[in-house]
Every structure is written in C-alpha cells, then in structure tokens.
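Down below is the structure, laid out as structure tokens.
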Amino acid sequence: MASPPLSAIQIQHQRRTALLGAALVAPFALADLTQDGSGRSVAILLAARAAWIVALLLGARLLSARVPRAGLSAFVMSGATAAAVLVIVTCSGGTRSGYFAFLLALPFCMLVLLPGHLFAAITSGGIGIAAGALMLAEAGAPALEVVRWAGTGFGSSILAAYATHVSGLLIQRELDAARAR
C-alpha cells in the first residue's frame, strides 16, 4: 500500500528540525573540543555526536517513509538521543559535567524532535531520571540529593509529556484544517 504524501506541515517541521540540528553542531562541538580530558574522550564525544546525528536522520527518514508504525521512528530517535547524551555525560565528567543537567532535558528534546509522540517523551524522561539517579548514587551523593534529582526529573517529564500531548493536538488541528481547505 502506498503511503500518503507528507503534509506541508510535516515537511516544514522536518526542515526546521534540520536547521536547529545544524545550528547546534558548532556550539556543542566547541564544548566537546574544549573538554578537560584525554584526546580519547574528546574523540568519543565527537563520535557520539556523529552517531546521534546519523540516528536522528535515520529516524526522520523512517517518519517520512511512513514505515508501518511511527513508533519505530520514535524508538530510534529517543533511544539514539538518550544513548548519545549518556555517553556525552559520562565522557565529560559524569555528575560534574556541564551536560549532566541535560539528562532532565531529554523529554523536551523529544518534544522538539517528535512533537506529539508521547512514547518518546515518556521513555526519554525515564531514561534521564534513572541515569542521573544512578550516576549520583555511584558518585556518592547523599540519598536526599538522589531523591531530589528523581523528583525534579519526574516533574520535568510530566511537563514534557503534557507539552508533547498538546503539540500533537495542535498539529492534528492544523492537518485537519489544511484538509478541510
């Protein structure tokens, strides 16, 4: 069965997301290159970013190809994002890394990359909470700090999931209005 063509709204979102990704490459690469550490960790950071970009492009391609389920694309994109962030945080200092707080931002990244895909927001939120809590516990943080982290992550994940749901409704309304015209 042939898949329906992408709507102008979906194409516009893909273009904006690609531009956002391109705009973020330079500042993140600069941060990676200036990390205190071995050349090996900088190489791992850059490789993680490159693998992430490839996975995001693959996920976007799966979305645009309308493979049987958009869930596969959401899985590829959220998994790749979570994996890349975990590698980046680990290689850049763990809980002392400037990227550590980015674990809380994972569900919001999914909101930008995959508006309306609750699976991606919820999964990446859970991964960020668990990874951050484990890293804090492993670093010897007091239990109360780990609980605060988990609570903050849970609250942030609920907010991101709600925003993801609302963005999906808005996109659907735009698509319905475009079809009606």
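The values are calculated or read from the model by the stated rules, or taken from the named source; none is laboratory data. Only a predicted model underlies this, so the values are computations on that prediction, with no experimental measurement involved. With ideal geometry, Cβ positions are generated from the backbone for all residues, glycine too; neighbour counts draw on all protein chains shown. All accessible areas refer to the heavy atoms of the entire protein, side chains included, with ligands and DNA or RNA removed. Shrake-Rupley method; radii C 1.70, N 1.55, O 1.52, S 1.80 Å.
Determine the gain in length on full extension of the stretch L159-L175; use 0.36 nm per residue of separation and subtract their C-alpha separation, reporting nm with one decimal.
Contour length minus the Cα-Cα distance gives 3.3 nm.
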*Quote the accessible area belonging to S167 in square angstrom, nearest 10, computed with a 1.4 Å probe and with ligands, DNA and RNA left uncounted.*
20 Å²
_Per-residue ³J(HN,Hα) for region 147-164, Karplus 6.51 cos²θ - 1.76 cosθ + 1.60, θ = phi - 60°, Hz, x for Gly and Pro_ = 5, 4, 4, 4, x, 5, x, 5, x, 5, 5, 4, 4, 5, 5, 5, 4, 5
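Calculate, for T34 and R148, the FRET efficiency according to 1/(1 + (r/R0)^6) with r their C-beta to C-beta distance and R0 22 Å; round to the nearest 0.05. Write down the numbers at each step before the final one.
Working: r = 29 Å, r/R0 = 1.34.
So the FRET efficiency works out to roughly 0.15.
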